[in-house]
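> Quick one: structure below, then a few questions.
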Amino acid sequence: MFFPVFLCSGNEHYSYEVPEGIFNIIGFEKHIPRVSYKYNAGYTARTNSFLQGKNKKKQPFGFTDSHHIKISFQPEKGTLMHDLYASVYHGVGIALNDFRNYSELGNPWSFYVFQGARIFRLSPTLSVFYEWNFGISTGWKYHDKENNLYNTSVSSKNNAYINANFFFVWSISRTLDLSAGLALSHFSNGNTKQPNSGVNVFSGTVNMTYNIGRIYKEHVKSIRIRELNFDKHMIYELVLFGSWKRRGILLYGNETTQLVNSKPFGVGGITFSPLYSINPRLRLGGALDIVYDASANVTYSDYNYGKFDYNIPKFSDRLSAGIAAKVDYVMPIFTISVGLGMEVLRNGEDYRRFYQSLTLKTSLTERLFLNLGYRIKDFSLPSFLMLGVGYRFGQY
């Protein structure tokens, strides 16, 4: 699942005097650089027995907090990017989390990219914004049957980090913004190792942002956006992706039940998506998804000396094809894509009829992009990561 507050200004009557030096050299002469500190305080959702109190402390998880430092850039007011994409901003951040149980869960660090934009303006100095974060967290104390048996939430030192925020932004001075709102965070390893129930956090957040060089200036809407005539059109995307996954296997003994990881299995696929661009920020369409999952319909037997005998089915039993409806939210650099699909060609119980996907597409050029996605089944069962590249055809 998948949010903080910060580095943003909802105030439309500030602009930026271009400084000499590094920002001109690297191409940010039309952007406002900003630095932010954010504090999150919240609650760890008790989604499994470990978090509910079956741990060394014999106490349920509850209060958790995190500290964030962020650097971002926002297009100068009056530019096409600022006006067309509702005060969009993007940057990088680092965070330290404390779950109040270092010995079993650790105090992980998170490193991430983020983007946000204004939802609506309440007054010249007060606005409502959204923001998403996507990155990696490291430093977890993970599941180990010898030293950390109770931890069924995390089984990897490194995990994906996804976060979403909705918050108010108040411009309290020429250079300072104060933000406050709500956030939802999710940590998991994308089914690359078991157990993988993950950690979910609900929190309140406050943030202070310093806008470097921002000055007061009455806002004049970009002449280009007033003259912009957007032609609705079709584009087509082709994505190649791959990853790996493990299956969690329960071994039942006379008095105990043990969770054992299978060997890693490869996953690969291809997605073709026709999409209709309704406006600069929204595309609707569909997708044909063809997936090869080497773990599908595999059975296990004879667990001897820490290893299984794997009964591998034929190739066609590990192949599926599905069709999906897709919605793309398009912003500078990043596109967020949500898919709801149904498998139409499938064999065996391991393929479920319904599947869902959440994908972040990062533009490398106007047509070439990186694809970082996650697929689940029946809105609850983790399936696999989708790591790959894509290319856009047609009018752009």
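> Over 22 Å between Cα atoms: which of LYS157/LYS377; LYS58/LYS193; LYS145/LYS377; LYS245/LYS307 fall into that group?
Values: LYS157/LYS377 25 Å; LYS58/LYS193 25 Å; LYS145/LYS377 28 Å; LYS245/LYS307 17 Å.
From the list (LYS157/LYS377; LYS58/LYS193; LYS145/LYS377; LYS245/LYS307), the Cα-Cα distance tops 22 Å for LYS157/LYS377; LYS58/LYS193; LYS145/LYS377.
> Further question on the same structure: Could you check the spin-label model distance between ALA41 and LEU80? Points 7 Å from the Cα along Cα→Cβ, value in nm.
Result for the modelled spin labels: 4.6 nm.
> Answer rounded, prolate or oblate for region 230-394, using the Cα gyration tensor with square roots of eigenvalues a ≥ b ≥ c: rounded when a/c is under 1.5, else prolate when a/b is larger than b/c, else oblate.
On the way: a/c = 2.67, a/b = 2.43, b/c = 1.10.
It is prolate, given that a/c is not under 1.5 and a/b is the larger ratio.
> If you take the beta carbon distance between THR365 and ARG281 as r and set R0 to 22 Å, what does 1/(1 + (r/R0)^6) give as a FRET efficiency, to the nearest 0.05? Please list the in-between numbers first.
Numbers: r = 20 Å, r/R0 = 0.89.
Efficiency at R0 = 22 Å is approximately 0.65.
> Then there's this: Could you tell me which of rounded, prolate or oblate describes region 31-75, using a ≥ b ≥ c as the square roots of the eigenvalues of the alpha-carbon gyration tensor, with rounded for a/c under 1.5 and, failing that, prolate when a/b is larger than b/c and oblate otherwise? Show your work: numbers first, answer last.
Values: a/c = 5.29, a/b = 3.88, b/c = 1.36.
Prolate, because a/c is 1.5 or more and a/b exceeds b/c.
> Apply the a/c threshold of 1.5 to the C-alpha gyration tensor of region 14-225 and tell me whether it is rounded, prolate or oblate.
Details: a/c = 2.88, a/b = 2.36, b/c = 1.22.
The shape class here is prolate.
> Another one. If each residue of separation counts as 0.36 nm, what is the full-extension length gain between PHE354 and LEU149 once their alpha-carbon separation is subtracted?
The span from PHE354 to LEU149 would gain 70.5 nm if fully extended.
> So which lysines pass the test for LYS30, namely a Cα distance under 18 Å, with those fewer than 8 places away in the same chain ruled out?
Cα-Cα hits under 18 Å: LYS77, LYS217, LYS221.
> Let me ask something else about it. Expressed in nm to one decimal, what extension gain is obtained for the pair LEU176 and PHE120 from 0.36 nm per residue of sequence separation less their Cα-Cα distance? Numbers along the way, then the final one.
Details: separation 56, 0.36 × 56 = 20.16 nm, distance 1.96 nm.
Separation in residues times 0.36 nm, less the Cα-Cα distance, equals 18.2 nm.
> A further question on this structure: Of the peptides 367-377, 161-171, how do they stack up when ordered by the mean number of other Cβ atoms within 10 Å, highest first? All intermediate terms of the calculation are to be shown ahead of the outcome.
Numbers: 367-377: 18.5, 161-171: 22.5.
In decreasing order of mean packing, 367-377, 161-171 become 161-171, 367-377.
> So for the pair GLN52, ASP317, with labels modelled 7 Å out along Cα→Cβ, what separation do we get in nm?
In this crude label model, GLN52 to ASP317 measures out at 3.5 nm.
> Let me ask something else about it. Between PHE272 and PHE111, what FRET efficiency follows from the Cβ-Cβ distance if R0 is 35 Å, with the result rounded to 0.05? Each step should come with its number before you reach the end.
Values: r = 33 Å, r/R0 = 0.93.
Rounded to the nearest 0.05, the efficiency is 0.60.
> Ok, one more. Please give the Cα centre distance for region 357-375 versus region 106-134, rounded to the nearest Å.
Cα centroid of region 357-375 versus Cα centroid of region 106-134: 20 Å apart.
> Using a Förster radius of 51 Å, what is the FRET efficiency between LYS307 and ILE212 based on their Cβ-Cβ separation? Nearest 0.05, please. Walk me through the intermediate numbers first.
Values: r = 58 Å, r/R0 = 1.13.
Efficiency, from the Cβ-Cβ distance: 0.30.
Any read-out appearing in this document is the output of simple, stated calculations on the displayed coordinates, not a laboratory observation. Just so you know, these numbers come straight off a predicted model, no measurement behind them. No Cβ is skipped: glycine too gets one built from the backbone with ideal geometry, and neighbour counts run over all protein chains shown.
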